[in-house]
Amino acid sequence: MTRIKRGYIARKRRTKIRLFTSSFRGAHSRLTRTITQQKIKALVSANRDRDRKKRGFRGLWIHRINAIIGKNKKKQYNRYSNLLYNMYKGQLLLNRKTVAQMGILKGNCLFMIANEIIT
Amino acid sequence: MASAAASLSTICTSFTTHCAISNYSPKTPFSQSTFFPFSRTHSLSLSFQPTLSPRLPLLPPKSSDTAQALSDPQPATQLVQSPPLQPPSWEPGLFAVVMVGGRQYIVHPGRWITVQRLKGAKVNDKIALHRVLLVGTDTSCYIGRPVVTNAVVYATVEEQGLDDKVIVFKYKKKKKYRRTIGHRQPNTRIRINSIMGYENYPKVTMDDIKDEDKES
């Protein structure tokens with residue numbers, strides 16, 4: 001067999017990985033072996049967190065709705081649980097994201113809805 | 001067009017480049033796709049800034065402007081014949097909550113949204129969205145239970161594109177299993193033209209709330 005040197009095959013592969021990890025902190029963007037490990041961890045985290053993101057946002061919306069609804073002290077029912085219960089009873093299809101966004105951008109609308117439903 | 005650009009710039013300076021480019025760009029579909037990244041970030045930030053809602057109604061329809069360019073080569077006549085900036089008869093602060101592709105969007109006339117890919121829709125198709133869950137204005141609200149009857153949102157398909165690439169990386173440690181898959185979700189960009197058909201539905205106004213507060 002003729003002699004074949006490996007040349008820069010490995011270097012080409014590692015350059016791509018290095019580019020991916022280029023903004024990581026300290027040794028995680030400098031040392032070759034750590035770079036490969038960190039790229040794997042980063043991609044796995046991204047995968048897992050894409051599903052976590054959905055959960056996180058839903059919790060955020062619920063929190064926001066609760067905060068905004070809790071402002072009308074005059075009403076007896078100023079809680080997220082009551083609002084949702086009455087929304088299901090009144091057959092509204094609005095989801096939590098829309099209600100939370102409306103509470104921020106168009107506060108009047110949310111109070112109008114709450115007033116309509118909660119009785 | 002010059003006055004239109006000036007008035008736009010007074011409303012919102014940070015977006016003059018985007019508005020100016022869309023004014024003077026060549027009227028081809030590719031011009032829209034090159035500005036897609038700009039308008040995407042703008043749209044994400046726009047959703048948190050209610051006061052800027054009348055900013056993006058200007059939409060020189062591509063076919064009509066090219067037709068005018070062919071018939072009237074002078075730029076002066078082309079500028080005069082451009083469509084008016086503000087849509088004529090919307091109530092102030094008109095918006096709707098519409099359900100498309102399993103997701104709900106808050107929609108203003110004149111703005112665009114990105115939805116899941118609508119199969120069989122071609123560019124410049126007119127679309128009617130019937131699942132309108134709520135229509136609202138500055139003063140009143142039409143709450144759908146679950147849908148506002150006879151309300152329709154008319155829109156035009158602007159572009160059928162793909163989302164940014166997402167790398168799906170499956171990995172099991174110590175078991176020598178790793179798979180790399182790239183994925184681009186197809187989407188459709190839609191420009192909302194008008195919201196109609198909600199006038200006969202029972203509505204709720206801020207006055208009702210104030211009356212109740214006074215009574216109690």
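Test of understanding: ordering B:HIS108, B:HIS130 by Cβ neighbours within 10 Å, fewest first, what list do you get? Could the numbers behind the result be given before it?
Numbers: B:HIS108 21, B:HIS130 14.
Fewest-to-most ranking of B:HIS108, B:HIS130: B:HIS130, B:HIS108.
Just to confirm the filter: which trypsin sites (Lys or Arg not before Pro) across the range A:22-73 are DSSP coil and have at most 10 other Cβ within 10 angstrom of their Cβ?
Here the sparse-neighbourhood loop sites are A:ARG25, A:LYS73.
Test of understanding: ordering B:PHE169, B:PHE95, A:PHE24 by Cβ neighbours within 10 Å, fewest first, what list do you get? The partial results should precede the final answer.
Values: B:PHE169 18, B:PHE95 25, A:PHE24 15.
Taking fewest neighbouring Cβ atoms as first place, the list is A:PHE24, B:PHE169, B:PHE95.
May I ask which of A:LYS5/B:LYS165; B:LYS119/B:LYS170; A:LYS12/B:LYS165; A:LYS41/A:LYS97 have a Cα-Cα span longer than 27 Å here?
Numbers: A:LYS5/B:LYS165 36 Å; B:LYS119/B:LYS170 30 Å; A:LYS12/B:LYS165 23 Å; A:LYS41/A:LYS97 31 Å.
Checking Cα-Cα distances, A:LYS5/B:LYS165; B:LYS119/B:LYS170; A:LYS41/A:LYS97 exceed 27 Å.
Give me the Kirkwood hydrodynamic radius of chain A, using the inverse of the mean 1/r over all pairs of distinct Cα atoms, in Å to one decimal.
On the way: mean 1/r = 0.0537 Å⁻¹.
This gives a value of 18.6 Å.
Which of the trypsin sites (Lys or Arg not before Pro) across the range B:93-164 are loop residues per DSSP, with 12 or fewer other Cβ within 10 Å? Please list the in-between numbers first.
On the way: sites: B:ARG103, B:ARG111, B:ARG117, B:LYS119, B:LYS122, B:LYS126, B:ARG131; in loops: B:ARG111, B:ARG117, B:LYS119, B:LYS122, B:ARG131.
Passing both the DSSP loop test and the Cβ count: B:LYS119, B:LYS122.
Bear in mind these aren't lab numbers, they're just calculated from the coordinates by the rules spelled out. Because the structure is predicted, anything quoted here is derived from the model rather than measured. As a convention, Cβ positions derive from the backbone with ideal geometry for all residues, glycine included, and neighbour counts pool all protein chains shown.
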